């Protein structure tokens with residue numbers, strides 16, 4: 001996972017630099033300079049395509065594997081909208097590069113894959129931290145609620161992306177791909193998937209740091225963990241619901257949608273880390289108070 005994530009970040013940085021001439025295409029300049037710029041854009045697009053091939057085949061391989069497994073079982077897993085988002089951005093970009101006409105989204109593809117793998121790496125670390133640890137009954141309830149909410153969110157987002165994409169294709173075809181890709185990127189429930197595991201991992205870290213806590217400290221820590229888990233879950237859902245209408249009307253570009261996905265996952269991790277600071281101090285002080293003077 002680290003190898004795939006590291007390579008994805010290296011490709012993303014290179015593709016972002018190669019995409020820079022395309023950002024200057026619509027500026028005012030002399031005809032000769034504009035022609036040179038167009039030639040440079042064509043070259044950069046081909047280089048970006050070459051760099052994105054290992055990104056798609058190697059870095060994003062877990063996405064294809066997970067999406068195929070879900071579809072073979074006739075269900076919609078978390079990887080299905082991600083795979084659709086990557087294909088919806090990569091395939092039109094390849095066609096546009098081959099025909100030398102239209103917009104390319106190689107920068108959005110590379111950002112999406114890099115940020116997606118980063119978010120999933122954080123989620124994996126959180127789940128591994130609590131794997132095999134004893135859980136209270138409300139742990140299982142929260143985990144089930146988060147998974148169920150993420151599943152229905154994915155279903156609604158895919159349906160929304162299809163409907164909005166068809167609308168834009170009928171009204172303004174040139175904007176349809178960007179809007180559809182942005183909605184599919186935002187349908188990735190990475191933050192929701194890691195909302196509860198990150199809180200449980202933070203609680204486990206607090207207990208490891210503080211040792212065996214008294215009953216009062218343990219109850220206070222469990223209460224704080226439930227509060228943080230719910231904040232992560234419903235906060236990430238609210239953020240997605242806020243950004244979805246903006247993406248539907250074309251105000252959110254695919255690369256911005258990828259950034260929002262990463263920021264929401266980092267916000268969940270940071271909120272869980274806040275538990276290790278505050279709850280950890282509370283548990284430690286509870287132990288100190290329980291010791292004889």
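Figures for the structure shown
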{"quantity": "Checking residue 1 against (1) surrounded by 14 or more Cβ atoms within 10 Å (Cβ to Cβ); (2) over 17 Å from residue 181 (Cα atoms); (3) in contact (Cβ under 8 Å) with a residue 60 or more places away in the chain, the condition it does not meet", "calculated": "(1)"}
{"quantity": "The one condition in (1) within 30 Å of residue 221 (Cβ to Cβ); (2) free of Cβ contacts under 8 Å to residues at least 12 places away in the same chain that residue 170 fails to fulfil", "calculated": "(1)"}
{"quantity": "Test: residue in the stretch 53-60 that is more than 14 Å from the chain's Cα centre (by Cα), buried (at least 20 other Cβ atoms within 10 Å of the Cβ) and at pLDDT below 85", "calculated": "no"}
{"quantity": "The listed residue being in contact (Cβ under 8 Å) with a residue 40 or more places away in the chain, over 25 Å from residue 24 (Cβ atoms) and in a helix (DSSP H, G or I), out of 89, 114, 126, 83", "calculated": "126"}
{"quantity": "Restricting the stretch 92-108 to residues that are in a helix (DSSP H, G or I) and in contact (Cβ under 8 Å) with a residue 60 or more places away in the chain, the residue that is nearest to the chain's Cα centre (by Cα)", "calculated": "108"}
{"quantity": "Condition met for residue 64 (within 30 Å of residue 44 (Cβ to Cβ) and surrounded by fewer than 22 Cβ atoms within 10 Å (Cβ to Cβ))", "calculated": "yes"}
{"quantity": "Any hit, the stretch 228-249, residues being farther than 30 Å from residue 89 by Cβ, assigned to a helix (DSSP H, G or I) and at pLDDT below 85", "calculated": "no"}
{"quantity": "Subset of the stretch 122-142 (residues that are surrounded by 16 or more Cβ atoms within 10 Å (Cβ to Cβ) and under 19 Å from the mean Cα position of the chain (by Cα))", "calculated": "122, 123, 126, 127"}
{"quantity": "Selection status of residue 152, under 19 Å from the mean Cα position of the chain (by Cα), over 26 Å from residue 1 (Cβ atoms) and surrounded by fewer than 13 Cβ atoms within 10 Å (Cβ to Cβ)", "calculated": "yes"}
{"quantity": "Flag if residue 76 is touching a residue at least 12 places away in the same chain (Cβ under 8 Å), under 28 Å from residue 148 (Cβ atoms) and outside any helix (DSSP H, G or I)", "calculated": "yes"}
{"quantity": "Condition check for residue 94: closer than 30 Å to residue 42 by Cβ and surrounded by fewer than 18 Cβ atoms within 10 Å (Cβ to Cβ)", "calculated": "yes"}
{"quantity": "Selected residue [in contact (Cβ under 8 Å) with a residue 40 or more places away in the chain and either under 13 Å from residue 105 (Cα atoms) or part of a helix (DSSP H, G or I) (or both)] from 10, 51, 47", "calculated": "51"}
{"quantity": "Output for the stretch 18-32, where each listed residue is surrounded by 12 or more Cβ atoms within 10 Å (Cβ to Cβ) and part of a helix (DSSP H, G or I)", "calculated": "18, 20, 21, 22"}
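The values are calculated or read from the model by the stated rules, or taken from the named source; none is laboratory data. Only a predicted model underlies this, so the values are computations on that prediction, with no experimental measurement involved. Neighbour counts are summed over all protein chains in view; Cβ atoms, including those assigned to glycine, are modelled from backbone coordinates with ideal geometry.
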